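Novice: My questions all concern the structure below.
Read-outs throughout are calculated quantities, based only on the coordinates presented, and are distinct from any laboratory measurement. Bear in mind the structure is a predicted one, so any value in this text is a computation, not a measurement. Cβ placement follows ideal geometry from the backbone for every residue including glycine, while neighbour counts extend to all protein chains displayed.
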Amino acid sequence: MLTYPHIDSIAFQVGPLAVRWYGLMYLFGFMCAYFLILRLTKKCKLNINSDTVADLLFSCVLGVVLGGRIGYTLFYNLNYYWHHPIEIFYVWQGGMSFHGGLLGVIVAASLFCRKRQLPMGEVADILVISSCCGLFFGRIGNFINGELWGRVTDVPWAMVFPGAGPYPRHPSQLYEALLEGPILLIILLLINRQRFKPWTVFFSFISCYALFRFIVEFFRQPDAHLGILSTGVTMGQMLSLPMLVAGIAGAIILNRRRSV
């Protein structure tokens, strides 16, 4: 069994202002995504300068935060936030839904591309590649916060998380960080090299993320107030299933059109 590295959630403090690791992880993710978007837009020869990339990323940040928080509120803990609505804005306490964040980014990016007259397919492919940075650092933030821990296990790398009881558990945050970060990034970059039609990378991202999330949910402790649903799966798996179907269907349709 490994020892969980107890890390103060506050990275540093300047007077009354406390900067938390959770927020810094999001900052690192967005910075990494910014430079990756710049590189990919140049490689794809899109007429987008650094200022436009910054504006696009800012729009996506708003989409992630608003969509992720609203999605978590609606999908995972509606009853609690219905009675404590002010805590919806306490984003530093954690509680972000990827599925809600994805919908938020889609809406924000669609509006941005329409306003700036940018090709949505090419932009979508670039955005999902760069999103691997945010997913990786976000899961590291979950690990530092000691939240979203895994199920009880006896594997040699199990950890006892604070607030999770005395039993060792899967460090499922690290599983997700590895799968959704570098592994997913490599897969998408390899697909992007093949010069498929626009949207191919996007649909590949949708299906791969859904598959990875569905698998990790077997190791991740279900939310205490939800547990295993009556369908025999977790809420994360339930939300990932339509994503998996949509991603595979989209890729098949694109490949058929490409063959024709």
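Novice: What percentages make up the Cα-Cα pair-distance distribution of segment 82-169 when the bins are 10 Å wide from 0?
Specialist: 13, 30, 29, 19, 8, 1
Novice: I've got another one for you. Taking neighbour counts of Cβ atoms within 10 Å as a proxy for exposure, in what order, fewest first, do GLU87, GLU176, GLU147 appear?
Specialist: GLU87, GLU147, GLU176
Novice: Suppose only helical runs count, i.e. DSSP H with n ≥ 4. What mean residue ellipticity at 222 nm does that imply for the chain under -39500 (n - 2.57) per run, divided by all residues and rounded to the nearest 500 deg cm²/dmol?
Specialist: My calculation for the chain gives -20500 deg cm²/dmol from helical runs alone.
Novice: Looking at segment 17-67, which trypsin sites (Lys or Arg not before Pro) are DSSP coil and have at most 12 other C-beta atoms within 10 Å of their C-beta?
Specialist: Hits after loop and neighbour filter: LYS45.
Novice: Just the Cα atoms of segment 57-204, one point each, no solvent: what log10 I(q)/I(0) does Debye give at q = 0.13, 0.19 Å⁻¹?
Specialist: Each listed q corresponds, in turn, to -0.70, -1.18.
Novice: Continuing with the same structure: Just to verify a number: FRET efficiency for ALA246 and ASP223, C-beta to C-beta distance, R0 = 41 Å, to 0.05?
Specialist: Efficiency, rounded to the nearest 0.05: 0.95.
Novice: What is the extension gain from PHE12 to VAL107, computed as 0.36 nm multiplied by their sequence separation minus the C-alpha to C-alpha distance, in nm to one decimal?
Specialist: In short, 30.8 nm is gained.
Novice: Which of the chymotrypsin sites (Phe, Trp or Tyr not before Pro) found in segment 48-141 are loop residues per DSSP with 15 or fewer other Cβ atoms within 10 Å of their Cβ? Intermediate results must be reported in sequence, preceding the final value.
Specialist: Values: sites: PHE58, TYR72, PHE75, TYR76, TYR80, TYR81, TRP82, PHE89, TYR90, TRP92, PHE98, PHE112, PHE136, PHE137; in loops: TYR76, TYR90.
Answer by residue number: TYR90.
Novice: Now, a different point. Sequence gap at least 6, Cα distance under 8 Å: using those rules, report the relative contact order of segment 10-259 to the nearest whole percent.
Specialist: Value for segment 10-259: 18 percent.
Novice: At q = 0.09, 0.10 Å⁻¹, what log₁₀ I(q)/I(0) does a Debye calculation on the Cα points of the chain give, no solvent, two decimals?
Specialist: -0.43, -0.53
Novice: Under a plain spin-label model, where a point goes 7 Å from the Cα along Cα-to-Cβ, how far apart in nm are ILE186 and VAL65?
Specialist: Computed distance between label sites ILE186 and VAL65 equals 3.4 nm.
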